[in-house]
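Down below is the structure, laid out as structure tokens.
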Amino acid sequence: RWYRMQAPGGQVLSPQTDEDITEVRWADKDLLREVRANTYGSLLPVFSAWEAEGPRSRT
């Protein structure tokens, strides 16, 4: 299950290296389009759900 989240700006993001996550960063819509085009098919429903939420989820 995936959850939408919000966080205050200016936080230092840390990858969960013990789970082989090597990079974390905030992304704008343009970067998300690129990521979506080059990601695992199993993650596409996450992107679709985020888009279905509308502008509220993009704040």
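The values are calculated or read from the model by the stated rules, or taken from the named source; none is laboratory data. Small disclaimer: the values here were computed from a predicted structure and weren't measured. Heads up, the Cβs are rebuilt from the backbone with ideal geometry, glycines too, and the neighbour counts pull from every protein chain shown.
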Being at pLDDT below 85, out of contact with any Cys (no Cβ under 7 Å at 6 or more places or on another chain) and charged (D, E, K, R): is that true of residue 33 here? no
Pairing a residue in region 6-21 that is closer than 26 Å to residue 53 by Cα with any residue that is in a loop (DSSP other than H, G, I, E, B) and of a type in the set (Lys, Arg), where Cβ atoms lie under 9 Å and the two sit 6 or more apart in sequence or on different chains, gives 13/25
Taking region 20-44 and keeping only residues that are exposed (fewer than 10 other Cβ atoms within 10 Å of the Cβ) and outside any helix (DSSP H, G or I), one is left with 20, 22, 23, 25, 26, 28, 38, 40
